[in-house]
Amino acid sequence: MNEEKKQGRPTKYSKKLSPKIEKLCKAGLTDKDIAFLIDVNEDTFHEWKKKHPEFSEFLKEAKNITDKDMESSLRKRATGCTTRETKVVRRISKETGTMEDYEEVTIIKEHPPETKAIEKWLDNRNPDRWKNKVEVDNKHSGEIGVKIIDDIK
């Protein structure tokens, strides 16, 4: 029997990489960055996605979690939100000048709506109505004219 031998290096693909790759996805890294950090060529990384559908699905799910978190954060910044923060407050003795006691205090902070977050949301959700457009007009004797159109309705 004449069996064909596989040529080339053995693959680095392994499900053991999943926890590391999941952390990198949640940190918002691109496929290119992830490939670099797990020491594989970007093309190889894309091949893994083609050859291993479960790997491709795993990447989509891991990235989707981060995308949803970002969308939620952007929405909160655009509409305004309230956050709670716990701080440790020290009490210093007036007589001795040394720390006498401490307590945890919860501080409630109000964050007003943020204009940039609102603009970003509107630009991406309804670009036909909100995105600032740049129109280039180069029909006149070799000169280039730029006209900014702000068509907010």
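Since every read-out is calculated from the coordinates, none of them should be taken as a lab result. Keep in mind the model is a prediction, meaning the values are calculated, not measured. Here the Cβ positions follow ideal geometry from the backbone for every residue, glycine too, while neighbour counts run over all protein chains shown.
Which net charge results when you count Lys and Arg as +1 and Asp and Glu as -1 among the other residues whose beta-carbon is under 13 Å from that of R84? Show your work: numbers first, answer last.
On the way: positive: K87, K109; negative: E85, E104, E110.
It works out to a net charge of -1.
Just to verify a number: FRET efficiency for D31 and T82, C-beta to C-beta distance, R0 = 41 Å, to 0.05? Intermediate results must be reported in sequence, preceding the final value.
Numbers: r = 37 Å, r/R0 = 0.89.
Calculated value: 0.65.
Just the number, please: Stokes-Einstein D of the range 19-73 in µm²/s, Kirkwood Rh from C-alpha pairs, 10 °C, 1.306 mPa s. Intermediate results must be reported in sequence, preceding the final value.
On the way: Rh = 11.4 Å.
Rounded to a whole number, D works out at 139 µm²/s.
Can you tell me the convex hull volume per residue for the range 21-140, based on C-alpha atoms, in Å³ to the nearest whole number? Spell out each step's value before the answer.
Working: hull volume 33.9 nm³, N = 120.
Convex hull of Cα atoms, per residue: 283 Å³.
Taking the Cβ of P53 as the center, what net charge do the other residues with Cβ under 14 Å away carry, scoring Lys and Arg +1 and Asp and Glu -1?
On the way: positive: K15, K49, K50, K51, K60; negative: E47, E54, E57, E61.
The answer is +1.
Which residues' amide hydrogens lie under 5 Å from the amide hydrogen of C81, considering only partners 5 or more residues apart or on another chain, with H built in the peptide plane?
Those lying under 5 Å, H to H, from C81 are H111.
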